[in-house]
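The values are calculated or read from the model by the stated rules, or taken from the named source; none is laboratory data. Not measured: the values here are computed from a predicted model. So basically every Cβ, Gly included, is an ideal-geometry build from the backbone, and we count neighbours across all protein chains shown. We work out accessible area using only protein heavy atoms, side chains counted, and drop any ligands, DNA or RNA first. Shrake-Rupley method; radii C 1.70, N 1.55, O 1.52, S 1.80 Å.
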Amino acid sequence: MATRSQTAAVLLAGALALAACSSGGGTGSAPAAQGAKTLVVDTSFDLKTADPGRTYEPTGLFIGKAVYETLLTFDGADVTKPLPALAESYELSQDGKVLTLKLRKGATFSDGSPITADDVVFSLNRVRDLKGNPSFLLDGVETAKTDESTITMTSKSANPALPYILPNPALGILNSKVAKEHGATADAQDKAEQYLNSASAGSGPYTIESFNVSTQVVLKANPKYYGTKPAYDKVVVRNVEAATQKLNVQRGDSQVALNLSGDQVKGISGGQVVQKTASANVIFLLANQDSGVSKTTTNPKFVEAVRKGVDYAGLLELAGEGSAQAPGVIPSQLLGALPADQAVKRDVEGAKAALAASGLANPTVKLEYPSELTVNGLSFQPLAERIQANLKEVGITVDLAPAPITTALDNYRNGKEELGLWYWGPDYPDPSDYLAFLPGKTVGLRAGWKAGAAKEIEAAGEKAATAVGDDARKQAYADVQTQLNASGPFIPLIQPSQNIVTAASVTGLAYHPVWTVDVADLGSK
């Protein structure tokens, strides 16, 4: 991102976007309800805590988005441009190391007290120093108060991703006075989680009425919210298996169902609306580059044969409507994603030629994947079977080796799979999260791809990591993926569909890859 010096006009536009995005008046949202209204949301809980310093599970981020506000946010489903929230403006230094944020005036916590620079510093340093699941978001970042309305966040090296990280609900700002009264500290001695699971210390449009990690969470509208009031006075979030979610939304017992598969949403009509959109999860194949694991998958011509031999259109048929082919490892929603027309097309004859050039005669490889894991309702088994059939046409025999998730994860994380079928979802909506696929990095090592194995790709990755400015970053990450597709060990396959079903009365729904849905953006008609 280039140096962000926002003019008065841009500040005004940002303020308008803020009012829309963070307070329930988002794009397409209805105005606040005249009478008391309750919204019932069914989802499959992945929830451990309501403490923003500790939460990183999908349901926790969904709850956190409603209860806590962050310095920056996104408008609806668009994750390509961070917008003002509790910060009215932000500027990134030319070297990408210092982010300066000006706090907006008039923002208050749910108890009516003003949000201060001290609250921001305490909250962000607490996340970093608790060493909980979201701590990595601020690794190496020092947050400090310059004056009563100015915050600086300083990174040891260029960190142009930081504005894209700050909207994460795990970085929600706490009322530090209240939190400290209930045991909050900025280290591992912190004891505030129990309190934060039963009460709200945030400034969001909702507060917590009740919280149970197994059954349901009830949110109520924050009566002291300084922004536009949300349309629903109460939001009940229930832990419900997918089949029951479908029944509930069809008979009107709920208004939103978040976890239905492509098959489950078939035939839903009448009083319900189905939103099908490609998720930010990318399912991919890896071909191990460690010769100690395989003498076959280390052959670059073999990898080329696999890449050209997969029937991507057939995989999309399995995945269902709303799914999309993944042109690269970075999903379509993010800055730096490759355009759809750069996606690999099946070329059986080209695959056979590559296999012949490899010198491998009738190779047999083992494909490992988690047997019971589903991604957006999609199981890995039918995908693996289709890939097996595709590659048989090319002359490659694939032995399927499904395993329980714990076993499969061990082999995957330890780089022991010959061929692997997995997925990657963004830790935060910035392309820098996908540098993990380079040699010597997290996912690269899982494919046995050690540092120094592909110097040109590694150099492209270093250039992307330090690029500043949207245009420069977009091009740099496109270059990385183009090189990965040409000679890397990863074969991006598909982005499965995220299916959300709502009652016809619900408006303003926008799927978000980090917090799924912002309930404060939902309107009622």
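Working only within the stretch 119-140, note down all residues that are surrounded by fewer than 18 Cβ atoms within 10 Å (Cβ to Cβ) and of a type in the set (A, V, I, L, M).
none
I need the full set of residues from the stretch 383-412 which are at pLDDT 95 or above, of a type in the set (D, E, K, R) and within 28 Å of the chain's Cα centre (by Cα), in order please.
Within the stretch 383-412, Glu385, Arg386 qualify.
Residue by residue through the stretch 349-372, note down the ones that are buried (at least 18 other Cβ atoms within 10 Å of the Cβ) and closer than 30 Å to Asn259 by Cα.
Result: Leu367, Glu368, Tyr369, Pro370.
Take Leu400 and decide whether it is among the hydrophobic types (A, V, I, L, M, F, W, C), open to solvent by 20 Å² or more (accessible area, probe 1.4 Å), assigned to a strand (DSSP E or B) and closer than 20 Å to Asn288 by Cβ. Even if it seems obvious, please write down each step before you answer.
Details: among the hydrophobic types (A, V, I, L, M, F, W, C): yes; open to solvent by 20 Å² or more (accessible area, probe 1.4 Å): yes; assigned to a strand (DSSP E or B): yes; closer than 20 Å to Asn288 by Cβ: yes.
It is true that Leu400 is among the hydrophobic types (A, V, I, L, M, F, W, C), open to solvent by 20 Å² or more (accessible area, probe 1.4 Å), assigned to a strand (DSSP E or B) and closer than 20 Å to Asn288 by Cβ.
Residues of the stretch 333-361 being touching a helix residue (DSSP H, G or I) at 6+ places or on another chain (Cβ under 7 Å) and within 22 Å of Thr298 (Cα to Cα), which ones?
Within the stretch 333-361, Val344, Arg346, Asp347, Val348, Gly350, Ala351, Lys352, Ala354, Leu355, Ala357, Ser358, Leu360 meet the criteria.
I need the strands (runs of 3 or more DSSP E) fully contained in the stretch 232-320, keeping only those with at least 1 residues that are polar (S, T, N, Q). Step through it out loud before you land on a result.
On the way: elements: 234-239, 256-260, 272-278, 282-287.
Of the strands (runs of 3 or more DSSP E) lying wholly inside the stretch 232-320, those with at least 1 residues that are polar (S, T, N, Q) span 234-239, 256-260, 272-278.
Select, from Thr73, Thr80, the only residue that is hydroxyl-bearing (Ser, Thr, Tyr) and modelled with pLDDT under 95.
The match here is Thr80.
If a residue must be of a type outside the set (Ser, Thr, Tyr), assigned to a loop (DSSP other than H, G, I, E, B) and without any contact (Cβ under 8 Å) to a residue 24 or more places away in the chain, how many such residues does the stretch 174-213 contain?
Just the residues of the stretch 174-213 that are of a type outside the set (Ser, Thr, Tyr), to begin with: 174-175, 177-184, 186-194, 196-197, 199, 201-202, 204-205, 208-209, 211-213.
From what is left, the residues that are assigned to a loop (DSSP other than H, G, I, E, B) are 174-175, 182-184, 186-192, 197, 199, 201-202, 204-205, 212-213.
Still in the running and without any contact (Cβ under 8 Å) to a residue 24 or more places away in the chain: 182-183, 189, 191, 199, 212.
Counting residues in the stretch 174-213 that are of a type outside the set (Ser, Thr, Tyr), assigned to a loop (DSSP other than H, G, I, E, B) and without any contact (Cβ under 8 Å) to a residue 24 or more places away in the chain gives 6.
Scan the stretch 187-209 for residues that are over 26 Å from the mean Cα position of the chain (by Cα) and either more than 30 Å from Asp139 (Cα to Cα) or open to solvent by less than 70 Å² (accessible area, probe 1.4 Å) (or both) and jot them down. Give the steps one after another, and end with the answer.
From the stretch 187-209, those over 26 Å from the mean Cα position of the chain (by Cα) are 187-192, 194-195, 198-199, 209; that's our starting set.
Passing the criteria: Asp187, Asp190, Ala192, Tyr195, Ala199, Glu209.
Which of the residues that make up the stretch 274-322 are among the acidic types (Asp, Glu) and touching a residue at least 24 places away in the same chain (Cβ under 8 Å)?
Asp290, Glu304, Asp311, Glu321
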